[in-house]
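To start, the structure itself, in structure tokens.
The values are calculated or read from the model by the stated rules, or taken from the named source; none is laboratory data. Everything numeric in this text was worked out from a predicted model, so none of it was measured. All Cβ positions, glycine included, derive from the backbone under ideal geometry; neighbour counts span all protein chains shown.
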């Protein structure tokens, strides 16, 4: 960029303006800035979501002039490449070299599990988007809160919707062969079968399988619908190959919270239209905060915010609300964690609060892929308000069961 | 009955895809004695280039040709400028190919972003065919035809042309080939270009099925390794037979024993290595 006189004047006056606005806050600030770490993924297969996380967080801070609760914020970003071991060493770097007070991230469940011990040991307040169930269930980490959802928190309401509204009775599930996929399907299966439905086929292809041809040829076609528990680009490829095999219109598809994210919708065409998915967010949510956020994000990135962008923006809002509650004293970790679990925050996903395990209670939206102004969007068709990670089950009874997995709850109705 | 017919077709189409991936890998491995770990990345680069070319010229055949040429040129430069300097240091060369694979992956991420990009199926092949009461994608059958045609063309190139004779000589005994006046150095570059080009074109032809996405490189690389080790290093026939064996074993394996996907993928390779360390069609020297 060439700097001419006019541009120089513009930026100089903008800087002066910002300084003037920020000045009273600086006086109020408790000396040092808040050191905020973002543990994300900027390289490798998960980079798309990870880069959106950084973009959303930078946007959030910029909109507030880099001030939270009256203190300046310094942002430190770590890139784990989606690798759990690297996530651990990068978090160590953020803690021991950059001396962060609080961390947003990491992105993937494997990274969160690999760094669980270190987070406990360092007493590092962590706001994660990773969905691993037991981090807020049977092995809750006192330094960990999650403002997004557990793996099954969104699939359980979807099962309810499939049974009660769509009147599905026989369904198949397919998901990546990782704990995230297992947990989503297990929650879906439990609720669907408790209502009286039957899961007649469960399939878990390897995460890195490039081709679903064999699985598509195996699919039971005498069912009402199939639930997709995919992450990353796998849902996108599954749906495309599904159509390739002429299954479009023969079997209905419903999907989990990352199966048809806004991030993959923008590269899809007619094949996705009409598919129902579930998530704690949609870029089309009609609330004032989200209208502003989605428009600003679209203006900057040229596409709709999806799961990861919204997740980070939500976590940032949760953090800001908690910091306001303790008047910016981020150094008091115990007070911060207490505040994080006690607050009620207004976010782009709607109002959220937290249960005693540190997991969010908030709305879950049932969405349908529709065309709007030449692009595909996840239009909200139904809202389940204030959904807990335990759905409608009693938390104590829920926690006595084994954690959701490939084999629990057991499948009793298999067979086309 | 329907199960067997459809899964047989699936096996054939997977085998075809694997051959397009593995043929170039095998050629390079055979002559240069390098496990070229950039191969998956070149395949992915091809898929991305294909998606971009198809935005301007709506012909998959043209995209495969042009994209293959670009990737071939890239491969040639890589061999001349980097691998050549490490001649004799085979471990170093393998390590460099791995490093370059990561570099290509990150460049693709910078240029095309992190989201999956579809490679459109040619219009004429979009409708599935009805076979035994089941719909089967016609594009996948076309892939088998392309793979077999490529196999025949390569076979003729290797067995019936002067270039092929030189390559065979180089595979069998590099020193002796050099001694009788075969320009082994130029041959190396040629074969590297050819292998890279095949990977790139393979990525484009596989594109309508798999799309272009970050991670495609390391999803595909192990498959190329398995096929080549099973079939025998440097043997085109081995790569061809190996591809279809893996296509069948993998497809029927996961259809019949879905829990064992990875075991099934690697088991044939382990068995073959145990009994024939040089692969099914590898020559003993």
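Filter the stretch A:117-144 for residues that are crowded, with 20+ Cβ neighbours inside 10 Å, in contact with a helix residue (DSSP H, G or I) (Cβ under 7 Å, 6 or more places away or on another chain) and part of a helix (DSSP H, G or I) and give the result.
Correct list: A:133, A:135.
One line per residue, one yes/no per condition, for (1) within 23 Å of residue A:398 (Cβ to Cβ); (2) under 21 Å from the mean Cα position of the chain (by Cα); (3) without any contact (Cβ under 8 Å) to a residue 24 or more places away in the chain:
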| site | (1), (2), (3) |
| --- | --- |
| A:192 | yes, no, no |
| A:199 | yes, no, no |
| A:202 | yes, no, no |
| A:211 | no, no, no |
| A:220 | no, no, no |
| A:223 | no, no, no |
| A:227 | yes, yes, no |
| A:232 | no, yes, no |
| A:236 | no, yes, no |
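If we scan the stretch B:125-136, do we find a residue that is in a helix (DSSP H, G or I) and modelled with pLDDT of 90 or more?
Here is the first cut: in the stretch B:125-136, the residues in a helix (DSSP H, G or I) are B:125.
Checking which are modelled with pLDDT of 90 or more leaves us with B:125.
Yes, the conditions are met somewhere in the stretch B:125-136.
Being outside the structural domain of residue A:144 (by TED's automatic domain parsing) and either free of Cβ contacts under 8 Å to residues at least 24 places away in the same chain or touching a strand residue (DSSP E or B) at 6+ places or on another chain (Cβ under 9 Å) (or both): is that true of residue A:405 here?
Working: outside the structural domain of residue A:144 (by TED's automatic domain parsing): yes; either free of Cβ contacts under 8 Å to residues at least 24 places away in the same chain or touching a strand residue (DSSP E or B) at 6+ places or on another chain (Cβ under 9 Å) (or both): no.
Criteria not met by residue A:405.
Identify the residue in the stretch B:128-143 that is out of contact with any strand residue (DSSP E or B) (no Cβ under 9 Å at 6 or more places or on another chain) and facing chain A (nearest Cβ under 9 Å) and, among all such residues, is farthest from residue A:303 (Cα to Cα). Quick ask: steps written out before the conclusion?
The initial filter retains those residues of the stretch B:128-143 that are out of contact with any strand residue (DSSP E or B) (no Cβ under 9 Å at 6 or more places or on another chain), namely B:131-134, B:139-140, B:142-143.
With facing chain A (nearest Cβ under 9 Å) added as a condition, the list becomes B:134, B:139-140.
Numbers: B:134: 38, B:139: 31, B:140: 32 Å.
Going through the qualifying residues, I end up with B:134.
Quick check on the stretch A:299-321: of everything there that is loosely packed, with under 15 Cβ neighbours inside 10 Å and without any contact (Cβ under 8 Å) to a residue 40 or more places away in the chain, which residue is nearest to residue A:131 (Cα to Cα)? Quick ask: steps written out before the conclusion?
Keep residues of the stretch A:299-321 that are loosely packed, with under 15 Cβ neighbours inside 10 Å, which gives A:299-300, A:302.
If we keep only those that are without any contact (Cβ under 8 Å) to a residue 40 or more places away in the chain as well, we get A:299, A:302.
Working: A:299: 29, A:302: 27 Å.
Of everything passing the filter in the stretch A:299-321, A:302 is nearest to residue A:131 (Cα to Cα).
Just checking, how many residues over the stretch A:154-181 are more than 14 Å from every other protein chain (Cβ to nearest Cβ) and at negative phi? Give the derivation first.
Keep residues of the stretch A:154-181 that are more than 14 Å from every other protein chain (Cβ to nearest Cβ), which gives A:154-171, A:179-180.
Okay, now just the ones that are also at negative phi, so A:154-166, A:168-171, A:179-180.
Summing the residues that are more than 14 Å from every other protein chain (Cβ to nearest Cβ) and at negative phi in the stretch A:154-181 gives 19.
Of (1) in a helix (DSSP H, G or I); (2) out of contact with any strand residue (DSSP E or B) (no Cβ under 7 Å at 6 or more places or on another chain); (3) more than 14 Å from chain B (Cβ to nearest Cβ), residue A:31 satisfies all except one. Which?
(1)
Is at least one residue of the stretch A:61-70 under 20 Å from residue A:292 (Cβ atoms), away from chain B (no Cβ under 14 Å), assigned to a helix (DSSP H, G or I) and out of contact with any strand residue (DSSP E or B) (no Cβ under 6 Å at 6 or more places or on another chain)? It would help to see each step written out before you state the result.
Of all residues in the stretch A:61-70, those under 20 Å from residue A:292 (Cβ atoms) come to A:61-68.
Okay, now just the ones that are also away from chain B (no Cβ under 14 Å), so A:61-68.
Restricting the remaining residues to those that are assigned to a helix (DSSP H, G or I) gives A:61-63.
So of that shortlist, the ones also out of contact with any strand residue (DSSP E or B) (no Cβ under 6 Å at 6 or more places or on another chain) come out as A:62-63.
Yes: the stretch A:61-70 contains one or more residues that are under 20 Å from residue A:292 (Cβ atoms), away from chain B (no Cβ under 14 Å), assigned to a helix (DSSP H, G or I) and out of contact with any strand residue (DSSP E or B) (no Cβ under 6 Å at 6 or more places or on another chain).
Any residue in the stretch B:47-67 that is within 14 Å of chain A (Cβ to nearest Cβ) and within 26 Å of residue B:95 (Cβ to Cβ)?
Taking the stretch B:47-67 first, the residues within 14 Å of chain A (Cβ to nearest Cβ) are B:47-48, B:51-52, B:54-55.
If we keep only those that are within 26 Å of residue B:95 (Cβ to Cβ) as well, we get B:47-48.
So far as the stretch B:47-67 goes, yes, one or more of its residues are within 14 Å of chain A (Cβ to nearest Cβ) and within 26 Å of residue B:95 (Cβ to Cβ).
List, please: which pairs have Cβ atoms under 9 Å, are six or more places apart or on different chains, and start with a residue in the stretch B:98-122 that is away from chain A (no Cβ under 11 Å) and end with one that is surrounded by fewer than 17 Cβ atoms within 10 Å (Cβ to Cβ)?
Listed by first residue and then by second, the contacts come to B:100/B:82; B:111/B:52; B:122/B:58; B:122/B:59; B:122/B:61.
Just one of B:200, B:206, B:234 is in a helix (DSSP H, G or I), buried (at least 21 other Cβ atoms within 10 Å of the Cβ), in contact (Cβ under 8 Å) with a residue 24 or more places away in the chain and more than 11 Å from chain A (Cβ to nearest Cβ); which is it? Give the steps one after another, and end with the answer.
On the way: B:206 fails: more than 11 Å from chain A (Cβ to nearest Cβ); B:234 fails: in a helix (DSSP H, G or I).
Step by step, each of B:200, B:206, B:234 is checked, and only B:200 is in a helix (DSSP H, G or I), buried (at least 21 other Cβ atoms within 10 Å of the Cβ), in contact (Cβ under 8 Å) with a residue 24 or more places away in the chain and more than 11 Å from chain A (Cβ to nearest Cβ).
Can you tell me which condition residue A:50 does not meet? The list is (1) touching a strand residue (DSSP E or B) at 6+ places or on another chain (Cβ under 7 Å); (2) within 14 Å of another protein chain (Cβ to nearest Cβ); (3) outside any helix (DSSP H, G or I), and all the others hold.
Among (1) touching a strand residue (DSSP E or B) at 6+ places or on another chain (Cβ under 7 Å); (2) within 14 Å of another protein chain (Cβ to nearest Cβ); (3) outside any helix (DSSP H, G or I), residue A:50 violates only (3).
For residue A:277, work out the one condition from (1) assigned to a strand (DSSP E or B); (2) closer than 27 Å to residue A:102 by Cα it doesn't fulfil.
With (1) assigned to a strand (DSSP E or B); (2) closer than 27 Å to residue A:102 by Cα applied to residue A:277, the lone miss is (2).
If a residue has to be in a helix (DSSP H, G or I) and closer than 24 Å to residue B:168 by Cα to count, how many in the stretch B:17-41 make the cut?
Of the stretch B:17-41, the ones in a helix (DSSP H, G or I) are B:17-32, B:39-41.
Narrowing further to those that are closer than 24 Å to residue B:168 by Cα: B:18-32, B:39.
So the count comes out to 16.
Let me confirm something: among B:67, B:30, which residue is crowded, with 23+ Cβ neighbours inside 10 Å, more than 29 Å from residue B:175 (Cα to Cα) and touching a helix residue (DSSP H, G or I) at 6+ places or on another chain (Cβ under 7 Å)?
Numbers: B:30 fails: more than 29 Å from residue B:175 (Cα to Cα).
The match here is B:67.
In the stretch A:164-185, what residues are part of a loop (DSSP other than H, G, I, E, B) and closer than 22 Å to residue A:134 by Cα?
A:176, A:177, A:178
Are any residues in the stretch B:237-267 away from every other protein chain (no Cβ under 14 Å) and under 14 Å from residue B:22 (Cβ atoms), and if so, which ones? Lay out the reasoning, then the answer.
First pass over the stretch B:237-267, keeping only residues away from every other protein chain (no Cβ under 14 Å): B:237-242, B:244-245, B:267.
Hits for the stretch B:237-267 are B:237, B:238, B:239, B:240, B:241, B:242, B:244, B:245.
Quick check on the stretch A:208-267: of everything there that is out of contact with any strand residue (DSSP E or B) (no Cβ under 7 Å at 6 or more places or on another chain) and away from every other protein chain (no Cβ under 12 Å), which residue is nearest to residue A:157 (Cα to Cα)?
Out of the qualifying residues, it is A:258.
Looking at B:89, B:55 in this structure, which one is within 28 Å of residue B:226 (Cβ to Cβ), surrounded by fewer than 20 Cβ atoms within 10 Å (Cβ to Cβ) and modelled with pLDDT under 95? Can you show your working first?
On the way: B:55 fails: within 28 Å of residue B:226 (Cβ to Cβ).
Sole residue among the options that is within 28 Å of residue B:226 (Cβ to Cβ), surrounded by fewer than 20 Cβ atoms within 10 Å (Cβ to Cβ) and modelled with pLDDT under 95: B:89.
Consider residue A:147 carefully, then state whether it is under 30 Å from residue A:333 (Cβ atoms), crowded, with 23+ Cβ neighbours inside 10 Å and in contact (Cβ under 8 Å) with a residue 60 or more places away in the chain. If you could, list the steps in order and put the result at the bottom.
Numbers: under 30 Å from residue A:333 (Cβ atoms): yes; crowded, with 23+ Cβ neighbours inside 10 Å: yes; in contact (Cβ under 8 Å) with a residue 60 or more places away in the chain: yes.
Yes; evaluated as a whole, the condition is true for this residue.
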